[in-house]
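Working notes, beginning with the structure itself.
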Amino acid sequence: MDVLFIRPDVAAVKAHAQYWTLEGEPIGNAGTPLYVMAKEEGQWRLVACQNTEVLAQ
């Protein structure tokens with residue numbers, strides 16, 4: 001996960017995601033979501049998100 005603080009109260013968070021079965025097998029394709037977080041009244045809140053599917057090559 002990567003975090004870029006745009007301002008002290010706004011951050012862009014880039015993650016890598018993969019769903020898994022209980023047996024440890026991946027389900028579907030991985031994703032690379034981007035979250036925009038803002039600190040409001042002392043709490044970090046999600047204000048925007050976007051997910052890009054990573055296709056197998």
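Can you confirm whether the stretch 1-11 contains a residue that is touching a Ser or Thr at 6+ places or on another chain (Cβ under 7 Å) and free of Cβ contacts under 8 Å to residues at least 60 places away in the same chain? Please lay out each step first, then the result.
First, the residues of the stretch 1-11 that are touching a Ser or Thr at 6+ places or on another chain (Cβ under 7 Å): none.
Looking through the stretch 1-11, none of the residues is touching a Ser or Thr at 6+ places or on another chain (Cβ under 7 Å) and free of Cβ contacts under 8 Å to residues at least 60 places away in the same chain.
Screening the stretch 16-34 for residues that are modelled with pLDDT of 95 or more and among the hydrophobic types (A, V, I, L, M, F, W, C) and picking the one that is most open to solvent (accessible area, probe 1.4 Å) gives LEU22. Taking the chain and the strands (runs of 3 or more DSSP E) fully enclosed by it, the elements with 2 or more residues that are of a type in the set (A, V, I, L, M) are at 2-7, 10-14, 26-31, 34-40, 43-50.
The values are calculated or read from the model by the stated rules, or taken from the named source; none is laboratory data. Every value quoted in this text rests on a predicted model; they were computed, and no experiment measured them. FYI the Cβ positions are ideal-geometry reconstructions off the backbone, even for glycines, and counts take in every protein chain you see. Side chains included, ligands, DNA and RNA excluded: accessible areas come from the protein's heavy atoms. Shrake-Rupley method; radii C 1.70, N 1.55, O 1.52, S 1.80 Å.
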